[in-house]
Amino acid sequence: MKVELFQPESVTEPRHWVRHDQAFAMMLRPGSIEWGSKRSVLEKFEIRAGRLSAVRPSYRRVGGLMNVTHLQLSISDAA
């Protein structure tokens, strides 16, 4: 298992990302996240502090701005 703290990003262009492990994330502060299946269909989601999210492996998304501080727990398949 791996625990990471993510701070808001300073990127201005959407990026493509793929998770290779399972992860749980807890939002520490309110903020927002943009994501979608491709750049032309990004949606913005307002996030409240305390929200929990689970992401499955091989989850493919295009992410835009991620303006939310969160703590992420990644869990390998072996665990």
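The values are calculated or read from the model by the stated rules, or taken from the named source; none is laboratory data. This structure is a prediction, so every number in the text was calculated from the model and none was measured. When we count neighbours, we look across all protein chains shown, and the Cβ atoms used for this are built from the backbone with ideal geometry, even at glycine. Just so you know, the surface numbers come from the protein's heavy atoms only, side chains and all, with ligands and any DNA or RNA stripped out. Shrake-Rupley method; radii C 1.70, N 1.55, O 1.52, S 1.80 Å.
List of remarks:
- Candidate set from segment 21-48 (those that are of a type in the set (Asp, Glu) and closer than 27 Å to residue 3 by Cβ); member that is most open to solvent (accessible area, probe 1.4 Å): 46
- Residue among 5, 28, 42 that alone is modelled with pLDDT of 75 or more and over 14 Å from residue 67 (Cα atoms): 42
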